[in-house]
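Just so you know, all these numbers are worked out from the coordinates, no wet-lab data involved. Just so it is clear, the model here is predicted, and its values are computed rather than measured. FYI the Cβ positions are ideal-geometry reconstructions off the backbone, even for glycines, and counts take in every protein chain you see.
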Amino acid sequence: MKCLICSNEIYEKYCFKCRQHLKSERISTKSILEDLFGNLFSLEKSFFKNIKIALLRPQKLILNYWKGFRGYYYSPGKFLVIASSFLIQIS
């Protein structure tokens, strides 16, 4: 099978050239919802460190994100959804 991104031959479930993972399972409503909630609420990108920076030095967080350092920081949209859901639970 060929990778649709880089046209490299895929021998397992992973393209060694572009590092794309191959999922051969069919797409269902369940898998779409799992991906949506998994991506929305994943805490992989230093979520708690971002909370600390946002509380202590919010200007640093905003300026670094605007300057393009987005790999380390959590997505602002996801951060807003999670923070607002915590605030709704508290009140």
Can you tell me the order of 59-65, 32-38 when each peptide is scored by its average per-residue count of other Cβ atoms within 10 angstrom, highest first?
-> 59-65, 32-38
May I have the pair-distance distribution P(r) for the range 47-90, computed from all Cα-Cα distances with 10 Å bins from 0 and rounded to whole percent?
-> 28, 56, 16, 1
Sorted by average packing, counted as other Cβ atoms within 10 angstrom per residue and highest first, what order do 73-81, 7-15 take?
-> 73-81, 7-15
Report the calculated FRET efficiency for R70 and N8 (r = Cβ-Cβ distance, R0 = 41 Å), to the nearest 0.05.
-> 0.90
